[in-house]
C-alpha cells in the first residue's frame with residue numbers, strides 16, 4: 001500500500017489527512033487550531049510557530065488512526081497570501097501578515113497604474129491580500145524590518161522549508177500573487193522596481209515549481225518532529241482552495257468550485273483565447289493547469305461575518321451559536337426588512353475594492369438578534385450569487401457547480417447560497433477537499449500519473465446533489481438587484497468611512 005500525507009494550513013487551523021492511494025481513499029484525518037490576532041483598523045496576524053506546533057501536536061493522533069503507515073510523499077496546501085518575513089534559516093522576524101489583512105490597500109491601488117502585459121493576467125492590478133502589495137507596505141512603513149528580511153514568502157513556502165530545508169515557490173502562488181510571468185516562467189524585476197521594491201526578487205524563493213513536482217526529501221529533523229519513518233518526498237502544492245479543484249474535478253471550463261468558509265472562493269477556468277474577463281482576479285494563464293486560464297472570484301468576509309456577529313458581538317458560545325442558527329432559520333429572509341452588504345474586510349470580486357466596508361440597512365427597534373443574523377446570511381449568499389452572475393454576464397458559463405468547505409456546517413447558509421445562485425450543486429461531504437487535492441498532487445509526484453489534469457478526480461470525496469428552491473431563487477434574484485443598487489449608492493460613503501477608520 002502507498003500512503004501519502006496531505007496537509008492544509010487554513011485560517012483557523014491545520015488539517016492533516018493520510019490517504020491510501022491504492023485503495024483510493026482517505027484513511028485518517030484530524031485538525032488542530034491556532035489563533036488569529038485582529039488589530040484595528042484592518043490588520044490580522046498569526047504566529048507562524050503556532051502553525052508548526054499545531055501540526056506537531058496533531059500528527060500522533062492522525063498517524064495512530066491510520067495505523068502508523070510508512071508515508072511515501074507529503075504535500076502542503078496553505079492560505080494565501082499569508083506573508084512571512086524570515087531570515088535565511090527560516091526564523092520569522094515578525095508575526096505573519098494574514099491574507100485578510102488590508103493594510104496594503106493603498107499599495108494595491110498603486111499597482112493598477114503599471115502598464116505591463118503581466119498585469120493583464122490579474123486584471124490590471126493586485127489585491128491588498130497579495131504578497132507584492134504587502135511587501136510594498138513593509139518597505140514603506142517598516143523599512144528596518146524590510147531591510148533585515150532575507151526571505152519574504154508565503155505560508156506554503158515557510159512550511160515546505162520546515163519540511164525540506166529548501167526555499168521553493170509554487171507556480172500557482174507565484175502567478176496569482178507575485179506578478180510572476182507564467183508564460184515566460186520568470187520573475188519581472190522591472191515591475192518590482194516600478195512598485196518601489198526593486199530587490200524583492202532577491203528575497204523571494206527563486207526556485208518555482210508546478211503543482212505535483214518533487215521539491216525534495218523531508219529532512220531527518222522534520223521526520224522526527226512529525227513522527228514519520230523513512231524519508232518521504234515533499235511534493236509542491238499551492239493555495240488551499242485552488243488545490244481543492246483537483247479533488248472536486250472542476251479544472252475543465254464550465255465547472256466551478258465554490259469553497260465557503262472564513263472567506264468564499266469561486267474558482268473556474270476558461271480557454272486561453274485572450275478574451276478579457278473583468279471584475280475577477282485573473283484570468284491567470286497556466287497557473288493551475290497548462291493551456292487554460294484560471295479565474296478567481298470570491299468574498300473576503302463570509303463565514304467570518306457570521307462568527308463575528310454571533311461570538312464577538314452577541315457573545316455566544318458554541319451552544320448559543322447553534323441556538324441562534326435555529327432561531328434565524330425560522331426567520332423568512334424575504335420579510336426581514338433588512339439589506340446587508342458583506343464587505344466587512346473589503347470586496348474581492350466583482351468590485352475589487354479593499355476599501356469597501358459592510359453595511360446594514362433598514363434597521364428598526366423591532367429587529368432582534370435572529371433577524372440581524374439572518375440578514376447577514378442573506379448578504380453573504382447574495383455576494384456569492386453576484387460573483388457568478390457577473391461572470392455569466394461576460395459569457396463565462398457555469399454548467400457544473402461544486403460546493404465545499406466549512407459552509408456545510410451551517411445548513412441555513414448552504415441553502416441560502418445555492419438558492420441565491422440558482423444552480424444544482426454537488427456538495428462535498430466534510431471540509432477536506434484541499435487534502436484530496438494534495439493527495440492527488442502526491443500521486444503525480446510519485447509517478448502514478450503523468451499530470452495533474454490526468455490525476456484530477458482520481459480520489460473522490462463523498463458528495464450529494466443539492467437542488468435550489470425555484471421560489472426562493474426568484475426572491476433572491478429580486479434582492480440581488482437591490483443589493484447591487486445599494487453598492488452603487490453607498491460605495492463612496494463606505495470608502496470614506498474606511499479611510500476615517502484608518503484603512504488605506
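Exactly one residue out of 477, 397 is farther than 29 Å from residue 76 by Cβ, out of contact with any helix residue (DSSP H, G or I) (no Cβ under 7 Å at 6 or more places or on another chain), at pLDDT below 95 and surrounded by fewer than 17 Cβ atoms within 10 Å (Cβ to Cβ), and it is 397. Is at least one residue of region 335-356 at negative phi, out of contact with any helix residue (DSSP H, G or I) (no Cβ under 8 Å at 6 or more places or on another chain) and surrounded by fewer than 19 Cβ atoms within 10 Å (Cβ to Cβ)? Yes, region 335-356 contains a residue that is at negative phi, out of contact with any helix residue (DSSP H, G or I) (no Cβ under 8 Å at 6 or more places or on another chain) and surrounded by fewer than 19 Cβ atoms within 10 Å (Cβ to Cβ).
Let's see how each residue does on (1) over 21 Å from the mean Cα position of the chain (by Cα); (2) not in a loop (DSSP other than H, G, I, E, B):
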{"residue": "153", "(1), (2)": "no, yes"}
{"residue": "166", "(1), (2)": "yes, no"}
{"residue": "196", "(1), (2)": "yes, no"}
{"residue": "221", "(1), (2)": "yes, yes"}
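Residue 107 satisfies every condition listed in (1) in contact with a helix residue (DSSP H, G or I) (Cβ under 6 Å, 6 or more places away or on another chain); (2) part of a helix (DSSP H, G or I); (3) surrounded by fewer than 24 Cβ atoms within 10 Å (Cβ to Cβ) except (3). Is it true that some residue in region 121-140 is part of a helix (DSSP H, G or I), at pLDDT below 95 and touching a strand residue (DSSP E or B) at 6+ places or on another chain (Cβ under 9 Å)? Looking for residues that are part of a helix (DSSP H, G or I), at pLDDT below 95 and touching a strand residue (DSSP E or B) at 6+ places or on another chain (Cβ under 9 Å), one finds at least one in region 121-140, hence yes. Consider region 168-194 and keep the residues that are part of a loop (DSSP other than H, G, I, E, B) and closer than 19 Å to residue 451 by Cβ. The one that is nearest to the chain's Cα centre (by Cα) is 182. When residue 273 is tested against (1) in a loop (DSSP other than H, G, I, E, B); (2) within 24 Å of residue 181 (Cβ to Cβ); (3) touching a strand residue (DSSP E or B) at 6+ places or on another chain (Cβ under 7 Å), just one condition goes unmet, and that condition is (3).
Return a yes/no flag: does region 281-293 have any residue that is touching a helix residue (DSSP H, G or I) at 6+ places or on another chain (Cβ under 8 Å), closer than 20 Å to residue 476 by Cβ and not in a strand (DSSP E or B). Scanning region 281-293 turns up no residue that is touching a helix residue (DSSP H, G or I) at 6+ places or on another chain (Cβ under 8 Å), closer than 20 Å to residue 476 by Cβ and not in a strand (DSSP E or B). For the condition touching a helix residue (DSSP H, G or I) at 6+ places or on another chain (Cβ under 6 Å), crowded, with 19+ Cβ neighbours inside 10 Å and closer than 27 Å to residue 99 by Cα, residue 403 does not qualify.
Quick one: which residue in 216, 227, 237 is under 28 Å from residue 150 (Cα atoms) and surrounded by fewer than 22 Cβ atoms within 10 Å (Cβ to Cβ)?
216
Residues are listed down the side, and each one gets a yes or a no for (1) closer than 30 Å to residue 245 by Cβ; (2) at pLDDT 95 or above; (3) in a helix (DSSP H, G or I); (4) more than 23 Å from the chain's Cα centre (by Cα):
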site	(1), (2), (3), (4)
297	yes, no, no, no
305	yes, yes, yes, no
308	yes, yes, yes, no
311	no, yes, yes, no
323	no, yes, yes, yes
327	no, yes, yes, yes
334	no, yes, yes, yes
337	no, yes, no, yes
355	yes, no, no, no
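Taking residue 387, is it in contact (Cβ under 8 Å) with a residue 40 or more places away in the chain, part of a helix (DSSP H, G or I) and touching a strand residue (DSSP E or B) at 6+ places or on another chain (Cβ under 8 Å)? Yes; evaluated as a whole, the condition is true for this residue.
Do we have any residue at all in region 362-382 that's at pLDDT below 95, in a helix (DSSP H, G or I) and either in contact with a helix residue (DSSP H, G or I) (Cβ under 9 Å, 6 or more places away or on another chain) or on the phi < 0 side of the Ramachandran plot (or both)? No, region 362-382 contains no residue that is at pLDDT below 95, in a helix (DSSP H, G or I) and either in contact with a helix residue (DSSP H, G or I) (Cβ under 9 Å, 6 or more places away or on another chain) or on the phi < 0 side of the Ramachandran plot (or both).
Of the residues making up region 340-353, those that are touching a residue at least 40 places away in the same chain (Cβ under 8 Å) and in a strand (DSSP E or B) are 341, 344, 346, 347, 353.
The values are calculated or read from the model by the stated rules, or taken from the named source; none is laboratory data. Since we're looking at a predicted model, the values are computed, not measured. Using ideal geometry, Cβ is built from the backbone for each residue, glycine included, and neighbour counts are taken over all protein chains shown.
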